[in-house]
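Participant: Let me give you the structure first, and then I'll get to my questions.
The values are calculated or read from the model by the stated rules, or taken from the named source; none is laboratory data. It should be emphasised that the depicted structure is a prediction, and the values quoted were computed from it without experimental measurement. Quick reminder, even Gly has a Cβ in these numbers, built from the backbone with ideal geometry, and neighbours come from all protein chains shown.
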Amino acid sequence: MAVACLKTGSNQFYSSSSSNAGSILSGTSSSSVTIGGGSGASSMNSTGGGAIGGHLQSQLTRSLERILEDANLSGELKLSGRKLKDFPKAAGKFNLSDTVIADLSRNRFCELPEDITSLAFLERLLVFHNTIRSIPDTIRGLHSLTYLDLRNNQLAVLPREICFLPLQVLLLSNNRLVTLPDELGRMEELTELDAACNQITHLPPRMGDLRNLRSLTLRNNQLVYLPRDLTCLQLVFLDVSSNRIATLPVELRLMSSLVDLELGNNPLTSPPASLCVRGLVHVFKYLETAAAREEKSKTGLDGHATLRRSALSSKNSSGSLLDGTSRNRRAHVDSGYSTSDGGGFEGSRPELLDSNGREGTL
């Protein structure tokens, strides 16, 4: 067994082994340190990990309490990067009801703590870079919340209750969302929505009702098409790159407010991808031409249908006249007395032939 020795003047510090020295520093093993030399040497025992662990826990508790106390005074709760799995129990000692900003990012929360959802005056909530899988329905109690950052979590479903909050910014990128709530169109105050890097296959109805939305990021999803009501938005920025979109709606050309349109990494055929890389102006020109072509085609079909209806109408009219003539002709031929079958009289003045072949009238 190797022995480590550190000399300082006439004193020597010994440890039982070099490996135990590392254990002492890491606090994983009890150890014995001998101070001094000869018969007057004294020995001091330490309890190792238990004492060190308890000391660190005590320091952590005091640190959290200071943070909570500061939040009580400033209205800003700063718990980012604390490796927390649960909301601090010490929070019960402080009045956090006036908290305006809460930063719980870069922790280990599996769900949004309900303690947070009771903060009625909270305006900004940052919980990005956690492992959050669910959000409680009690989030609807955050009546003042305007900014919500849920990026880089493990959300598969976004609760509809979020759509009833006065949010202006909603950040949802890098989750596991397949769709967005149908109630999303109710978020009339929303100005920015980022749902990039999810698994969204389609957009909810009434997206066109988001009248204040200016920035929409849907990059790296599984969208196959863009709904036409999306073109009713007054967007400045639209990112639908890295999806499965083949065709853009021609109504997109009417989005006069649009400044930045990201379309890369889509299997586009209308307009072709080679044209899209040339910029927004070229995309709009293509869509304008496509719209005119559609309108012309539609008008042509309508005109053809009208001509066909006119032709059919004329044919029917001619047929009716012919039918009428035929009927009149048959009536004329069949009128009078028929000598071939000895039938009765038809008409008011039937004609007869006498024995000499002369005509007579009854």
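Participant: Within the range 245-272, can you find the residues that are of a type in the set (A, V, I, L, M) and surrounded by 14 or more Cβ atoms within 10 Å (Cβ to Cβ)?
Facilitator: Result: Ile245, Leu248, Val250, Leu252, Leu254, Met255, Leu258, Leu261, Leu263, Leu268.
Participant: So in the range 109-127, with the set limited to residues that are more than 16 Å from Leu158 (Cα to Cα), out of contact with any Phe, Trp or Tyr (no Cβ under 9 Å at 6 or more places or on another chain) and not polar (S, T, N, Q), which one is surrounded by the most Cβ atoms within 10 Å (Cβ to Cβ)?
Facilitator: Looking at the filtered set, the residue picked out is Leu122.
Participant: Another one. Only one of (1) of a type outside the set (S, T, N, Q); (2) surrounded by 17 or more Cβ atoms within 10 Å (Cβ to Cβ); (3) more than 19 Å from Leu252 (Cβ to Cβ); (4) in contact with a helix residue (DSSP H, G or I) (Cβ under 8 Å, 6 or more places away or on another chain) is not met by Asp182, so which one is it?
Facilitator: It is condition (2) that Asp182 fails.
Participant: Take the conditions assigned by TED's automatic domain parsing to the domain that holds Gln168 and more than 13 Å from the chain's Cα centre (by Cα) and apply them to Arg214. Does it pass? Even if it seems obvious, please write down each step before you answer.
Facilitator: On the way: assigned by TED's automatic domain parsing to the domain that holds Gln168: yes; more than 13 Å from the chain's Cα centre (by Cα): yes.
It is true that Arg214 is assigned by TED's automatic domain parsing to the domain that holds Gln168 and more than 13 Å from the chain's Cα centre (by Cα).
Participant: Of all the residues that make up the range 70-103, how many are part of a loop (DSSP other than H, G, I, E, B), exposed (fewer than 15 other Cβ atoms within 10 Å of the Cβ) and at negative phi?
Facilitator: Summing the residues that are part of a loop (DSSP other than H, G, I, E, B), exposed (fewer than 15 other Cβ atoms within 10 Å of the Cβ) and at negative phi in the range 70-103 gives 5.
Participant: Criterion first (assigned by TED's automatic domain parsing to the domain that holds Phe109, within 25 Å of Pro271 (Cα to Cα) and surrounded by fewer than 18 Cβ atoms within 10 Å (Cβ to Cβ)) does Pro136 satisfy it?
Facilitator: Taking the combined requirement at face value, the residue does not satisfy it.
Participant: Go over the candidates Asn175, Asn153 one by one and state the one that is over 25 Å from Phe121 (Cα atoms) and of a type in the set (S, T, N, Q). Before the answer, list the steps.
Facilitator: Details: Asn153 fails: over 25 Å from Phe121 (Cα atoms).
From the options Asn175, Asn153, the qualifying one is Asn175.
Participant: Now a separate question. Which residue pairs have Cβ atoms under 6 Å apart, sit 6 or more places apart or on different chains, and have a first residue in the range 97-108 that is more than 13 Å from Asn152 (Cβ to Cβ) and a second that is of a type outside the set (Val, Ile, Thr) and in a strand (DSSP E or B)?
Facilitator: Listed pairs, sorted by first residue: Thr99/Leu77; Ile101/Glu76; Ile101/Arg124; Ala102/Leu77; Ala102/Leu125; Asp103/Lys78; Asp103/Leu126.
Participant: Taking the range 128-152 only, how many residues are of a type outside the set (Val, Ile, Thr) and in contact with a Phe, Trp or Tyr (Cβ under 7 Å, 6 or more places away or on another chain)? Working first, answer last.
Facilitator: Keep residues of the range 128-152 that are of a type outside the set (Val, Ile, Thr), which gives 128-130, 133-134, 136-137, 140-145, 147-152.
Filter again for in contact with a Phe, Trp or Tyr (Cβ under 7 Å, 6 or more places away or on another chain), leaving 130, 140, 144, 149-152.
Counting residues in the range 128-152 that are of a type outside the set (Val, Ile, Thr) and in contact with a Phe, Trp or Tyr (Cβ under 7 Å, 6 or more places away or on another chain) gives 7.
Participant: Exactly one of (1) within 25 Å of the chain's Cα centre (by Cα); (2) modelled with pLDDT under 95 is unmet by Lys298. Its number?
Facilitator: Of (1) within 25 Å of the chain's Cα centre (by Cα); (2) modelled with pLDDT under 95, only one is false for Lys298: (1).
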